[in-house]
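K.L.:
Before I ask anything, let me first share the structure, which is written out below as structure tokens.
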Amino acid sequence: MTLMLKKTEPKREGWTYINLPKELANKIDVILELRLDGCRSRGDFIADAVRRRLDELKKTEWRALASAARASYQFLYVVILLLSLHSTNFRNPSFKENLG
């Protein structure tokens, strides 16, 4: 009886390895064969796709932060406006008389 060991490729330092569904790998292989994207390997293709997705998420995150900042600014503006109106009206003698 012969024991067959699974042959593994040596791991490169600073790299990680992922499992990819065969269907996606086949699609990447077709793109690589046709040289449509300029990538030389599945790894290059996937690394490029991940970088692009991270850039996209970063831009979305910045847009969300900018939107939240605008909303906070508008809220603070309204609060300051209301406080200034309240303080102005409270100092006005005719305002006090109208209170009863």
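K.L.:
Could you give me the ³J(HN,Hα) list for the stretch 11-18, computed from phi with Karplus coefficients 6.51, -1.76, 1.60 and θ = phi - 60°, whole Hz, x at Gly and Pro?
P.N.:
7, 8, 5, x, 10, 10, 10, 10
K.L.:
Hey, another quick one. Only loop residues by DSSP count here, and only those with at most 11 other Cβ atoms within 10 Å; note down the chymotrypsin sites (Phe, Trp or Tyr not before Pro) in the stretch 8-61 that meet that.
P.N.:
Here the sparse-neighbourhood loop sites are W15, Y17.
K.L.:
Just to be sure I understand the model, the point goes 7 Å from the Cα along the line to the Cβ. What's the resulting A68 to R40 distance in nm?
P.N.:
Result for the modelled spin labels: 4.2 nm.
Laboratory data are not the source of any read-out in this text; all were calculated from the coordinates shown. All values reported here derive from a predicted model rather than from experimental measurement. Glycine gets a Cβ as well: all are built from the backbone with ideal geometry, and neighbour counts include every protein chain shown.
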